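**Student:** Here it is, the structure in full.
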Amino acid sequence: MTPSENTFLERAVVQILFVSGREFSIEGLREKLRELFVQEPDATVRAAASVGSFELLQVLLKATQKLEKLGLRLDMRAGGVRLTTAEVRPPALRNYFAVLAEQIKTERANGQEGQEEEDGPLSTTGLEVLACIAFKQPLSMVEINGYFSTDKRSVVLRLQHLGLVDCRTAGKNGRTVWMTTGEFLRRFNLQSPSDLERLLSGSLAQAA
């Protein structure tokens with residue numbers, strides 16, 4: 001692969017792992033790359049669809065070295081890979097993660113995982129769905145659900161109620177797609193949706 005193809009592939013796999021929030025096998029990650037990029041007209045992008053297992057493993061190892069400098073790492077074990085945090089040293093940050101982990105554990109125990117209250121902060125699932133829409137927009141509801149194991153319609157509607165996402169019709173067939181709003185940009189101190197990709201790209205570049 002050319003340097004530009006390697007650079008795109010590195011960014012793509014990190015973004016896939018971040019947005020999905022799930023673990024992939026090497027073959028599963030290759031299949032996702034094929035699914036997303038096999039029909040891309042840009043040859044640099046399309047090359048990611050035909051990456052081999054060894055090449056992909058090399059890219060993952062290279063990305064791990066960069067992400068470690070940002071407090072993240074690619075956890076590769078038992079044939080799987082997922083994006084996690086590196087060792088957390090500051091006590092305040094460890095305490096925050098411990099509280100968040102306990103909240104997730106309680107939600108699962110009570111069968112409330114993914115449920116959103118009318119008022120109050122977003123649940124972990126709400127933030128995951130919001131991140132998915134932000135990085136992959138515009139997305140139809142079918143496409144959003146395709147990234148998760150359960151129907152996220154109620155979560156998306158809550159995000160709309162909070163003014164963070166909204167829908168519009170797109171294309172000749174008039175399908176409904178979901179996108180982030182100006183309120184989302186204001187809430188997260190962004191100038192435009194493209195700032196999301198630039199932030200991640202800039203972080204990887206700084207770590208290089």
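**Student:** Restricting to segment 19-31, what's the tally of residues that are without any contact (Cβ under 8 Å) to a residue 40 or more places away in the chain and crowded, with 16+ Cβ neighbours inside 10 Å?
**Tutor:** 1
**Student:** Something else about it: In this structure, does THR64 turn out to be more than 19 Å from LYS136 (Cα to Cα), modelled with pLDDT of 75 or more and either of a type in the set (Lys, Arg) or out of contact with any helix residue (DSSP H, G or I) (no Cβ under 6 Å at 6 or more places or on another chain) (or both)? Quick ask: steps written out before the conclusion?
**Tutor:** Numbers: more than 19 Å from LYS136 (Cα to Cα): yes; modelled with pLDDT of 75 or more: yes; either of a type in the set (Lys, Arg) or out of contact with any helix residue (DSSP H, G or I) (no Cβ under 6 Å at 6 or more places or on another chain) (or both): yes.
Criteria met by THR64.
**Student:** To continue, here is another question. Considering only segment 3-13, I want to know if a residue exists there that is farther than 17 Å from GLY79 by Cβ and surrounded by fewer than 13 Cβ atoms within 10 Å (Cβ to Cβ).
**Tutor:** We begin by selecting, within segment 3-13, every residue farther than 17 Å from GLY79 by Cβ; these are 3-12.
Within this subset, residues satisfying the condition of being surrounded by fewer than 13 Cβ atoms within 10 Å (Cβ to Cβ) are 3-4.
Among the residues of segment 3-13, at least one is farther than 17 Å from GLY79 by Cβ and surrounded by fewer than 13 Cβ atoms within 10 Å (Cβ to Cβ), which makes the answer yes.
**Student:** Quick check on GLU40: is it more than 19 Å from PHE148 (Cα to Cα), modelled with pLDDT of 90 or more, in contact with a helix residue (DSSP H, G or I) (Cβ under 8 Å, 6 or more places away or on another chain) and outside the structural domain of THR125 (by TED's automatic domain parsing)?
**Tutor:** Details: more than 19 Å from PHE148 (Cα to Cα): yes; modelled with pLDDT of 90 or more: no; in contact with a helix residue (DSSP H, G or I) (Cβ under 8 Å, 6 or more places away or on another chain): yes; outside the structural domain of THR125 (by TED's automatic domain parsing): yes.
Answer is no for this residue.
**Student:** Still on this structure, I have one more. For segment 143-159, how many residues meet the condition of being under 13 Å from ILE133 (Cα atoms) and within 19 Å of the chain's Cα centre (by Cα)? Even if it seems obvious, please write down each step before you answer.
**Tutor:** Residues of segment 143-159 that are under 13 Å from ILE133 (Cα atoms), as a first pass: 143-148, 152-153, 155-157, 159.
Checking which are within 19 Å of the chain's Cα centre (by Cα) leaves us with 143-148, 152-153, 155-156, 159.
Residues in segment 143-159 being under 13 Å from ILE133 (Cα atoms) and within 19 Å of the chain's Cα centre (by Cα): 11 in total.
**Student:** Return yes when GLY163 is at pLDDT below 65 and on the phi > 0 side of the Ramachandran plot and no when it is not. Full working, then the answer.
**Tutor:** Numbers: at pLDDT below 65: no; on the phi > 0 side of the Ramachandran plot: yes.
The answer is no for GLY163.
**Student:** Right, here's the next one. Might you let me know whether segment 133-143 holds any residue that is assigned to a loop (DSSP other than H, G, I, E, B), at pLDDT 85 or above, at negative phi and among the aliphatic types (A, V, I, L, M)?
**Tutor:** no
**Student:** Let me ask something else. Name the residues in segment 144-159 that are assigned to a helix (DSSP H, G or I) and in contact (Cβ under 8 Å) with a residue 12 or more places away in the chain, would you? So that I can check it myself, show each step before the final result.
**Tutor:** If we filter segment 144-159 for residues that are assigned to a helix (DSSP H, G or I), which is where we start, we get 144-146, 153-159.
The answer is ILE144, ARG153, SER154, VAL155, VAL156, ARG158, LEU159.
The values are calculated or read from the model by the stated rules, or taken from the named source; none is laboratory data. Small disclaimer: the values here were computed from a predicted structure and weren't measured. Every residue, glycine among them, receives a Cβ derived from its backbone with ideal geometry; neighbour counts consider all protein chains shown.
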